[in-house]
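Undergrad: Pasting a structure below so you can have a look.
Bear in mind these aren't lab numbers, they're just calculated from the coordinates by the rules spelled out. Bear in mind that the values here come from a model prediction, so they are computed numbers and not experimental data. Please note: Cβ atoms are built from the backbone with ideal geometry, for glycine as well, and neighbour counts cover all protein chains shown.
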Amino acid sequence: MNKHSKTLLAALLAITLAGCSDSSDERPVVEIPPEPEPNPCDGTETASSRLFLQQLTDSSVIIKWRGDADAACIGTSADGLATRIEAAATEGDHKEALVTGLSAQTTYHYSIGGAPEAPAGQQFTTAPARGELPDAGFSRLWIIGDSGTGGDDEREEYEGDALRVLAGMEAFVASDGKPVDMFLMLGDNAYDVGSDFNHQQAVFETYPDLLKTAPVWPTIGNHEMGIGFIFGTIALGGLGTSADPDSWLETADSEPVRMPYLDIFSLPAQGEAGGVPSGTEQYYSFDYGNVHVVSLDSQLSARDPEQLETMQNWLIDDLSSNDLDWTVVIFHHPPYSKGANHDSDDTAKLNGFDMPQQYMREQFVPIFDAYGVDVVYNGHSHSYERSYYITSHTGTSDTFSFAEHAELIDGDPARPASGRGDEGYAQLSPTSGGVNDRVVYSVVGNSGKANKDAGSLTAPEVWLQHPAHIEQPADTLDPPRRGLPILGSAIIDATDTTLVHYFIDINGEVLDQFTISR
Amino acid sequence: MSAGVFRTHLLLCLGLLLAIQAGAHPGHDEQLEAVNKALATAPEEQALYLQRGNIHAEIGHYSEALQDFNRARELGPEERVDFAESVMHYRKGDRATAARLVDKHISRFPNDPGGYEHRALIARAEGNHAQALADLRTYFTLRERPNPGLYVSAARMLQQDGQTSDAIAVLDLGLEQLGTIPQLQRYAIELELERSQPEAAIVRMQSLRGPLKDSANWKLDMADLLLAAGRNSEAATLLLEAREQLQSQRATPARKALEDRAETLAATLSP
């Protein structure tokens, strides 16, 4: 390199460095790229004995587990998790990671313990924005009742029944590839007494894969209320009539504590998922896209007049504040049922443990009619029953009439509409003059056991013969009964114009369906 | 022995019964049969006599129940029996004995919330609101998240006694403990109006605007309060908004009733 070349190079270098320097400081500065932030998700996947999703909305979710891990990591790519959420230790030896700031209709993967990769099957999709539809064009709800037979307490008699029902759902969804967006549990989720161990076996070890991908929304059944202390007295499992959720015994060295259900599930008492705050996890509501779901407490709150009235007042406010396309209500005790041992006409029997059936019929059905509820789901009776599209029926079964209570074809009182095929229901009922005042009630208490006879408390000749319920052509008897004594579950597919209900058996076959259009 | 340990012992005995139990919902006859079978193999087990006593009490067989409770006392420890027997006497209508026994229970197990709730019920039935309220207040402190209906119950007793301000204070305690929930706030609004505090009622109603999602129902309720406070212009604005909102929503009987109510309110506001 000659002298001129060196001079030119020096000049160019000076110009270049000058361009990089601060105008107030003539000294040349060379920018050094910052060190990349270390990924906070640098741990390893940690085993948990239960892992499930709670309160999934369009922007948040609670990832809940039991185990040693103190954090979860989340991301939109399974092998690139980079957002770490520290978990809070919560009641019942659980950990909860509240994840916020999520995008609607987006699939996220997650790990437990801080790993940067999500194991297969640990992902969820956030809800659509309020009022919107999922990308698939419809929301899919899976509904199971009295499913809690998967544990030791009922294993001998009902071995594998809950899993068979799960397999039926999986066969159904495999036909179109659309997974369920959530599942609703109608009570008696964990026989026999709803203990933590009962839940471990009957819920967490029965549906482990589904619980990692879809949020579960439960309601309280009689078998969630332990041995049934009534202000300290004792009854057998499922016979409790206490209104006090704190009358459940949890551990050997403690005072009576809250029922385990309330520690296991984290439910939106403060309206965290779109409903009106109820102040209690015993009853609550939430929104999912264009569907509003209400879970009522027919086991405890319904047994005390003032607690019942307080729940009614909340329900009225909640439904008054709801303008979504569809409203689904769940609770355990069916207002209408001729199930084995649970006859809605004979609720005062024994110690009145079935009285909530009557209370809910007399005191909540008018609210459902008036405030635009579309469908109600209950368990308790271990069979499938579902009603016509009815209104204003608050009496016993002998007071039911098609003319007064059922949706009719062309106004003919001899022809109640079935909801099937071309007898589908309109949300704005023509029979009622274009008003949304009718409800279909379904009993789906057969997702873990199915009664084979009427039992000791229901007369055999009335078993599965409630006149508000529709005859089931799939029944094996002729004429068919108004119910099916077999295992199964329900699916709701809700678009912006139709709500379709399917009752499916353990093979995923549809044995009953109805459609409500809007 | 704590109440918890005591009940655990009962639970262990009940495990035996549950194993015997054939159906999910046996009747009392079946329950009694199960207990009797268990007693045949464990005739000295106190918990089984308590169990049978409770079953008898539930079906009104009080002399048999008392016999079993007495046997349970003989087998001891005696404090296990007080609460169960108190409940039996309460059902029987003998509230004095029920109260005496639950007093004993509470003195032995002062941190058992169930005892206070039960004693509150007895006291309320006796018309002893002061005792009932004191027990409910204790219950509220022992429980993290009581059912909202219990606050309503406490406030109602105070209202019946003419203690409106205290009733509101109980509801505010519930609102503090449970969050801004309509069941308690609406009752407080009712009481504010009862003590002629419409502006306080309006402030409370305003707090529900978010939780009730600015619904037409909320707007009309608020319009009513504003109208009662002479704030007609604000009431008219809300009324207009409520009517527009209702027109865009599908018809339900409740919404039709709101439309009628809006029409009446509009007539009131018209000059």
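Undergrad: Considering segment B:154-170 alone, what residues qualify as being surrounded by fewer than 24 Cβ atoms within 10 Å (Cβ to Cβ) and either among the charged types (D, E, K, R) or within 13 Å of chain A (Cβ to nearest Cβ) (or both)?
TA: Scanning segment B:154-170 gives B:Arg156, B:Met157, B:Gln159, B:Gln160, B:Asp161, B:Asp166.
Undergrad: Let me ask something else about it. Taking the stated definitions as given, is A:Gly271 within 10 Å of chain B (Cβ to nearest Cβ), over 21 Å from A:Met225 (Cα atoms) and in contact with a His (Cβ under 8 Å, 6 or more places away or on another chain)?
TA: Taking the combined requirement at face value, the residue does not satisfy it.
The rows are residues; the columns are (1) within 12 Å of chain A (Cβ to nearest Cβ); (2) crowded, with 22+ Cβ neighbours inside 10 Å.
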| position | (1), (2) |
| --- | --- |
| B:Pro110 | yes, no |
| B:Gly115 | yes, yes |
| B:Ala120 | yes, yes |
| B:Ala125 | no, no |
| B:Asn128 | no, no |
| B:Leu133 | no, yes |
| B:Thr138 | no, no |
| B:Thr141 | no, no |
| B:Pro146 | yes, yes |
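Undergrad: Being in a strand (DSSP E or B) and closer than 20 Å to A:Tyr288 by Cβ: is that true of A:Leu53 here?
TA: yes
Undergrad: To continue, here is another question. Name every residue in segment B:238-270 that is without any contact (Cβ under 8 Å) to a residue 40 or more places away in the chain and over 25 Å from A:Tyr371 (Cα atoms), in order of residue number.
TA: B:Ala267, B:Ser270
Undergrad: Filter segment A:294-323 for residues that are in a helix (DSSP H, G or I), under 25 Å from A:Asp188 (Cα atoms) and among the aliphatic types (A, V, I, L, M) and give the result.
TA: A:Ala302, A:Leu308, A:Met311, A:Leu315
Undergrad: Could you tell me how many of the residues in segment A:386-417 are under 10 Å from A:Ala468 (Cβ atoms), of a type in the set (A, V, I, L, M, F, W, C) and in a helix (DSSP H, G or I)?
TA: Residues meeting the conditions: 1.
Undergrad: A further question on this structure: Does B:Leu178 satisfy being within 13 Å of chain A (Cβ to nearest Cβ), touching a Pro at 6+ places or on another chain (Cβ under 7 Å) and not β-branched (Val, Ile, Thr)?
TA: yes
Undergrad: While we're looking at this one, here's another question. Taking the condition within 14 Å of another protein chain (Cβ to nearest Cβ), on the phi > 0 side of the Ramachandran plot and free of Cβ contacts under 8 Å to residues at least 12 places away in the same chain, does B:Gly230 pass?
TA: No: the conditions fail for B:Gly230.
Undergrad: Would you mention how many residues in segment A:367-393 are within 15 Å of A:Ala302 (Cβ to Cβ) and in contact with a helix residue (DSSP H, G or I) (Cβ under 9 Å, 6 or more places away or on another chain)?
TA: Residues that pass the stated criteria total 5.
Undergrad: Quick one: in segment A:291-326, of everything that is in contact with an Asp or Glu (Cβ under 7 Å, 6 or more places away or on another chain) and surrounded by fewer than 24 Cβ atoms within 10 Å (Cβ to Cβ), which residue is nearest to B:Ala216 (Cα to Cα)?
TA: Within segment A:291-326, the match that is nearest to B:Ala216 (Cα to Cα) is A:Leu324.
Undergrad: Taking segment B:189-221, which residues are in a helix (DSSP H, G or I), of a type in the set (A, V, I, L, M, F, W, C) and either touching a residue at least 24 places away in the same chain (Cβ under 8 Å) or away from chain A (no Cβ under 14 Å) (or both)?
TA: If the condition is that a residue be in a helix (DSSP H, G or I), of a type in the set (A, V, I, L, M, F, W, C) and either touching a residue at least 24 places away in the same chain (Cβ under 8 Å) or away from chain A (no Cβ under 14 Å) (or both), then B:Ile189, B:Leu191, B:Leu193, B:Ala200, B:Ala201, B:Ile202, B:Val203, B:Ala216, B:Leu220 are the ones that fit.
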